[in-house]
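Trainee: Got a structure for you, questions after.
Taken together, the values in this text are just the output of simple stated rules run on the coordinates, not laboratory data. These numbers were taken from a predicted model, which means no experiment stands behind them. All Cβ positions, even for glycine, are placed from backbone atoms using ideal geometry, and neighbour counts span all protein chains on display.
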Amino acid sequence: MSATLETAEHKALRAAVAALGKRHGRDYDREALWAEAAKLGYLGVNLPEAYGGGGGGIAELSIVLEELGASGCPLLMMIVSPAICGTVIARFGTGSQKQAWLPGLADGTRTMAFGITEPDAGSNSHRITTTARRDPDTGDWLLSGRKVFISGVDIADATLIVGRTEDARTGNLKPCLFIVPRDAEGFHRRAIDMELSAVEKQFELTLDDVRLPADALVGDEDAGLLQLFAGLNPERIMTAAFAIGMGRYALARAVEYARDRQVWKTPIGAHQAIAHPLAQAHIDLELARLMMQKAAHLYDAGDDIGAGEAANMAKYAAGEACVRAVDQSVHTLGGNGLTREFGLGSLITASRVARIAPVSREMILNYVSHQTLGLPKSY
């Protein structure tokens, strides 16, 4: 399949999800939309059929998120629960972990958050200080550390926490992933007061010797880094989908306004000063979508290296396109762009999320300059 052309099935999925999004709209109820999307099979479209999923990939899941976003009702937890956590468990989890989590993630009855970022470890995951040690008497894990900017912990049944354990052979710390139930003793959360207007809250987490059974460790203790990066490519692709959907939503509002609004004798959209920037925003969003489709295609085909480059580029392009589309849309509406009635003002803050998370523009430029162009590192 070409990475640039959608199949009939993809087009049908896009149309069906767009219809769902249109029914719920900008004033959507998150729980109701989540439940209906799950019932229709959209939330688990990327998860294995053996566990109740759709048997598709990130290509299909990204279509779902993009179209919901384009209708004004993006489900942020889709990036985290089925895309990151579902992918990691499906690829690396034990049989019992897959059975315990994948059916619930697929049908929406269970949700999982993802905890990697720390106060002193953002882009540099090697500085993660959340550590896990074995209790020699019981074989349990004891997890201690802090996480910050973790989405939706209050509505998630568990959080997939990235920690580090000591390698018995070398004594070095290596990354590992642990499933931490929401009500685990010593697992504390504090909501962060955000300017961002979003349904899902952001949290700071404190893990104070959280005791976990041996089987809370996802997969193989020695494959932590591989498992971690297996989840990060889908995260970048889905963030691109989130950004493209938001940009499309804003642009559609602006185009509608520019067609109808008359100041002199013609609609303002007839003037090139209004029309051309909107056309440019549309072009940028379409180009970003092509790279997102390429990244999803490579990832679903099992090309993790190729997908890494494309996913970073897609996330970069989509973040930039989203910010520009929102900015131009607000500007097109003038004062109306900042009113609650038109619902664009809050997107000024929201659109920046795609530039900042899950990795900054600058770190993507570092990735491309080092990995793609072969330039030396500055750090």
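Trainee: Please give the residues of region 3-44, grouped as numeric ranges, whose backbone N is less than 16 Å from a label point set 7 Å along the Cα-to-Cβ vector of Ala191.
Mentor: The answer is 30-31.
Trainee: I'd like the FRET efficiency for Leu338 and Glu286, computed as 1/(1 + (r/R0)^6) with the beta carbon distance as r and R0 of 35 Å, rounded to 0.05.
Mentor: For R0 = 35 Å, the calculated efficiency reads 0.80.
Trainee: If you take every residue apart from Ser360 with its C-beta less than 15 Å away from the C-beta of Ser360, what net charge results, scoring Lys and Arg +1 and Asp and Glu -1?
Mentor: Local charge sum for Ser360: +2.
Trainee: Extension gain Ala15-Arg361, at 0.36 nm per residue separation less the Cα-Cα distance, in nm?
Mentor: That pair, Ala15 and Arg361, stretches by 121.4 nm at full extension.
Trainee: According to the square roots a ≥ b ≥ c of the eigenvalues of the Cα gyration tensor, what is the shape class of the chain, taking rounded for a/c under 1.5, prolate for a/b larger than b/c otherwise, and oblate for the remainder?
Mentor: In terms of gyration-tensor shape, prolate.
Trainee: Which of these, Asn312, Asn233, Asn172, has the largest mean-square fluctuation under a Gaussian network model of the chain (Cα springs below 10 Å)?
Mentor: Looking only at Asn312, Asn233, Asn172, the largest GNM fluctuation is found for Asn172.
Trainee: Let me ask something else about it. Straight-line reach only, C-alpha to C-alpha below 28 angstrom: list the lysines that Lys147 could link to, leaving out same-chain residues fewer than 8 apart.
Mentor: Lys98, Lys174, Lys201, Lys315, Lys377
Trainee: Cα centroids of region 334-379 and region 142-185: how far apart, whole angstrom?
Mentor: 27
Trainee: Quick check: Cα centre of region 204-270 to Cα centre of region 5-83, how many Å?
Mentor: 13
Trainee: Running a GNM on the chain with Cα contacts under 10 Å, which residue among Thr138, Thr170, Thr111 ends up with the highest mean-square fluctuation?
Mentor: Thr170
Trainee: Which whole-number percentage describes the relative contact order of region 1-152, with Cα contacts under 8 Å and a sequence gap of 6 or more?
Mentor: Over region 1-152, the number comes to 20 percent.
Trainee: With a Förster radius of 51 Å, plug the Cβ-Cβ distance of Asp208 and Arg259 into 1/(1 + (r/R0)^6) and report the FRET value to the nearest 0.05.
Mentor: 0.35
Trainee: Continuing with the same structure: Can you list the DSSP H helices in the chain whose Cα atoms extend at least 30 Å along the helix axis and whose mean Kyte-Doolittle hydropathy is -1.0 or higher?
Mentor: Qualifying helices: 224-260, 272-300, 304-333.
Trainee: Sticking with this structure for a sec: Which cross-chain or sequence-distant (5 or more) residues have an amide H under 5 Å from the amide H of Thr159, H modelled 1.01 Å from N in plane?
Mentor: It is Ala113, Val180, Arg182, by chain and number.
Trainee: Just to be sure I follow: if Rg is taken over the C-alpha atoms of region 247-331 and Rh is the Kirkwood radius over the same atoms, what is Rg/Rh?
Mentor: That ratio is 1.17, to two decimals.
Trainee: Sort 244-253, 301-310, 269-278 by the packing proxy (mean of other Cβ within 10 Å over each peptide's residues), most packed first.
Mentor: Peptide ranking by packing, descending: 244-253, 301-310, 269-278.
Trainee: Out of Arg340, Arg30, Arg164, any idea which swings most in a Gaussian network model of the chain, alpha carbons joined below 10 Å?
Mentor: Result for the chain, Cα springs under 10 Å: Arg340 fluctuates most.
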